[in-house]
Amino acid sequence: QVQLVESGGGLVQAGGSLRLSCAASGRIFSIGFMGWYRQAPGKAHELVATISSGGTTYVADSVKDRFTISADNAKNTVQLQLTSVKPEDTAVYLCNMHIMSVNGGGTLPYWGQGTQVTVSS
């Protein structure tokens with residue numbers, strides 16, 4: 001079994017910073033794509049940032065220059081650094097990784113349980 005566990009969410013004032021982390025564990029053979037999504041109440045699921053196994057990153061325009069994604073491939077972790085946060089960044093942030101298990105079966109998407117980020121004005 002493969003599990004993703006997120007940490008680092010919480011309450012932060014507008015203009016502040018927060019660091020989210022997601023760790024994968026289990027019978028992992030390889031990890032390709034890693035990413036962060038968010039879902040705010042009443043809004044669609046939104047892609048925030050991604051990073052490939054080779055280190056290529058993508059950051060959504062809505063958070064560009066404020067959020068940074070990074071990964072530690074040796075530790076099977078991905079981080080999202082949030083800076084200059086705004087009330088509209090309030091959402092549940094979800095980690096996603098495309099993982100191939102040692103049990104085979106191809107590369108599958110796995111999701112964390114989500115971590116709440118609340119930005120107060």
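Our summary gives the range 27-72 a relative contact order of 28 percent, counting only alpha carbon pairs under 8 angstrom and 6 or more residues apart. Its relative contact order, with pairs defined as Cα atoms under 8 Å and 6+ residues apart, puts the chain at 36 percent. Scanning the chain for trypsin sites (Lys or Arg not before Pro) in DSSP loops with at most 14 neighbouring Cβ atoms within 10 Å leaves 76-121 as the longest stretch between them. Looking at the square roots a ≥ b ≥ c of the eigenvalues of the Cα gyration tensor of the range 75-121, which shape do they give, rounded for a/c under 1.5, prolate if a/b is larger than b/c, or oblate? Prolate, since a/c reaches 1.5 and a/b exceeds b/c.
Max-minus-min Cα coordinates of the range 42-109 on each principal axis give 43, 27, 17 Å, with the largest extent listed first. Taking R0 as 25 Å, what's the FRET efficiency between MET100 and HIS45 from their Cβ-Cβ distance, rounded to 0.05? For R0 = 25 Å, the calculated efficiency reads 0.55. I'd like the FRET efficiency for GLN113 and ASP65, computed as 1/(1 + (r/R0)^6) with the beta carbon distance as r and R0 of 35 Å, rounded to 0.05. Approximately 0.75, to the nearest 0.05. Considering only alpha-carbon pairs that sit under 8 angstrom and 6 or more positions apart, the relative contact order computed for the range 1-57 is 27 percent. Estimated at the nearest 10 Å², the accessible area of GLU88 is 110 Å² with a 1.4 Å probe.
A 1.4 Å probe run over the protein chains yields, for the chain, 51 Å² of accessible area per residue, whole-number rounding.
Solvent-free Debye calculation, one equal scatterer per alpha-carbon of the range 8-80: log10 I(q)/I(0) at 0.12, 0.26 Å⁻¹ equals -0.36, -1.33. Expressed as a whole percent, the accessible area of the chain that falls on carbon and sulfur atoms is 51 (1.4 Å probe). Taking label points 7 Å from Cα along the Cα-to-Cβ direction, SER120 and SER84 give a separation of 2.3 nm. Straight-line cross-link partners of LYS86 among the lysines, defined as a Cα under 30 Å from its Cα and at least 8 positions apart when in the same chain: LYS43, LYS64.
The values are calculated or read from the model by the stated rules, or taken from the named source; none is laboratory data. All figures in this text were calculated on a predicted structure; none of them were measured in a lab. Methodologically, a virtual Cβ is constructed for each residue, glycine included, from the backbone with ideal geometry; neighbour enumeration extends over all protein chains shown. Note: areas computed on protein heavy atoms with side chains; ligands, DNA, RNA excluded. Shrake-Rupley method; radii C 1.70, N 1.55, O 1.52, S 1.80 Å.
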